[in-house]
Amino acid sequence: DFTLDNEVHSSFIQRRLRSQERREMQREILSILGLPHRPRPHLYGKQNSAPMFMLDLYNAMTVEEEEAEGFSYPYKPIFTTQGPPLAFQQDSNFLNDADMVMSFVNLVEHDKEFYHQRRHHREFRFDLAKIPEGEAVTAAEFRIYKDYIRERFDNETFRISVYQVLQEHPGRDSDLFQLDSRTIWAAEEGWLVFDITATSNHWVVNPQHNLGLQLSVESSDGQSINPKLAGLIGTNGPHNKQPFMVAFFKATEIHLRSIR
Amino acid sequence: SAGGKQRNQNRSKAPKSQEALRVANIAENSSTDQKQACKKHELYVSFRDLGWQDWIIAPEGYAAYYCEGECAFPLNSYMNATNHAIVQTLVHFINPDTVPKPCCAPTQLNAISVLYFDDSSNVILKKYRNMVVRTCGCH
C-alpha cells in the first residue's frame with residue numbers, strides 16, 4: 001500500500017525537528033561515525049572521479065550486504081565509472097573484508113613536470129596522515145586516466161612507470177623506487193591502475209616518509225615522453241578523470257564510542 | 001508444595017465470578033498483547049533533513065528500525081524469543097510482582113555503509129557493523 005509506505009517514510013519529516021533536537025541527533029550520529037565535527041569539504045563535488053568511483057564501491061558493498069542478508073536483486077548494477085573494472089573487484093574479498101575504503105585527493109595543484117637529464121616526470125602527493133588509529137592498509141591503488149590521442153605514436157606502445165619518491169635533492173633527480181609499471185598501446189583509453197599497497201602501508205606508519213609518487217612514460221625505444229602528450233590526464237583535465245589513489249583498510253581493533 | 005496446595009484450596013474456594021474475571025482479564029490482555037506484540041518498527045532518519053547532504057554522499061538516509069512491544073504471557077508462536085525469555089515469561093506470570101517480563105530487543109543486527117567527504121575532500125566509505133536492527137525478539 002504505497003500511501004502507507006509513504007507515511008512511514010515521511011513520519012520523520014512530518015514533525016520538523018526543533019533545532020535543539022536536530023543538534024542532539026547530529027551529535028549522536030557524528031559520535032557513531034567517529035567524527036569530532038561535521039566535515040566541510042572545500043573543493044570538488046560529487047561528480048569528480050574519486051567520489052564517483054567510491055559511489056560504485058558503495059553500491060557494490062550495499063548489494064553484497066543485502067545479498068548476504070537474503071535480499072535478492074534481479075540485476076547487478078552497472079558501474080558508472082568508465083574503463084576497466086577495479087583490479088581488486090576481481091577479488092572482491094578486499095571490498096568484503098574492508099571496514100573502511102578511502103580515496104585521496106591529489107594535493108599537487110598544478111602538474112609538476114620535471115625534465116632532468118632528458119627525462120619527463122610528473123609528481124603526485126596524497127595525505128595519508130589522518131588515518132584513524134588501528135586501521136591497516138590491505139590494498140591500495142593509484143588510478144590515472146589515459147585519453148585517446150589522435151596524432152603520431154600509431155602502433156606504438158608506452159611503458160608507464162610509477163615510483164615512490166625516497167629522497168628529494170634540490171636541483172637534481174630525486175631518489176626513486178619503482179612500484180609498478182604498465183605497457184599499453186598508445187591508442188588505448190581508460191583508467192590505468194597501479195598497485196601501491198606496500199608504499200601506502202609505509203606512509204600510514206611513517207607519515208614523514210611520504211614524499212609522494214612520480215610517474216614517467218617511455219616509448220618502446222626508451223625515449224622519455226611528456227605524460228601530457230601521451231594522453232595522461234593531469235590537474236587541468238576534466239574533474240571526472242582526475243587522478244587519485246584509493247586504499248582499503250581493515251580495523252585491527254574494535255572502535256568503542258567515547259563514554260559520556 | 002504444601003503451601004501451594006493450601007493456596008490452591010483457597011483459590012478453589014474463591015468465588016466463581018472472581019475466577020472468571022481473572023481468566024477474562026488474561027484473555028483480554030493476550031489479545032491486546034497480540035496487537036502490541038514485540039516487533040520491529042521503522043523510523044526514517046533523513047541526512048538531508050539534518051542539512052548534511054553536502055558532505056554525506058550516500059545513503060540519503062536510513063531506516064532506523066527499533067524494537068517495541070509486549071513480551072507477556074502467552075508468547076504467541078510467531079513471536080521469537082529466547083528459551084530463557086519463555087521461562088521468564090512463565091515465572092513472571094506466576095510472580096508478577098517479583099519477576100519482570102522479558103524485554104523486546106534486537107535479535108539480529110545489520111551493518112550499514114556510509115560514504116562521505118572529510119575536511120580535505122578525501123572520500124571515506126566506512127562500514128559500521130551491528131548498527132541496524134534486522135529482527136526483534138523477547139530476551
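Kindly establish whether A:VAL101 is at pLDDT 65 or above and surrounded by fewer than 17 Cβ atoms within 10 Å (Cβ to Cβ). In short, no. Of all the numbered requirements in (1) surrounded by 14 or more Cβ atoms within 10 Å (Cβ to Cβ); (2) within 19 Å of the chain's Cα centre (by Cα), A:LYS130 misses one, and that requirement is (1). The sole residue among A:SER92, A:SER49 that is among the small types (Gly, Ala, Ser), under 24 Å from A:THR197 (Cβ atoms) and either at pLDDT 85 or above or touching a Cys at 6+ places or on another chain (Cβ under 6 Å) (or both) is A:SER49. Of everything in the range B:95-139 that is among the hydroxyl-bearing types (Ser, Thr, Tyr) and outside any strand (DSSP E or B), the residue that is nearest to the other protein chains (Cβ to nearest Cβ) is B:SER121. Scanning the range A:207-223 for residues that are farther than 10 Å from A:ILE160 by Cα, out of contact with any Phe, Trp or Tyr (no Cβ under 7 Å at 6 or more places or on another chain) and among the small types (Gly, Ala, Ser) returns A:SER220, A:GLY222.
Among the residues making up the range B:104-139, those that are of a type in the set (A, V, I, L, M, F, W, C) and over 29 Å from the mean Cα position of the chain (by Cα) are B:LEU115, B:PHE117, B:VAL123, B:ILE124, B:LEU125.
The values are calculated or read from the model by the stated rules, or taken from the named source; none is laboratory data. It should be emphasised that the depicted structure is a prediction, and the values quoted were computed from it without experimental measurement. Cβ: placed from backbone, ideal geometry, glycine included. Neighbour counts: every protein chain shown.
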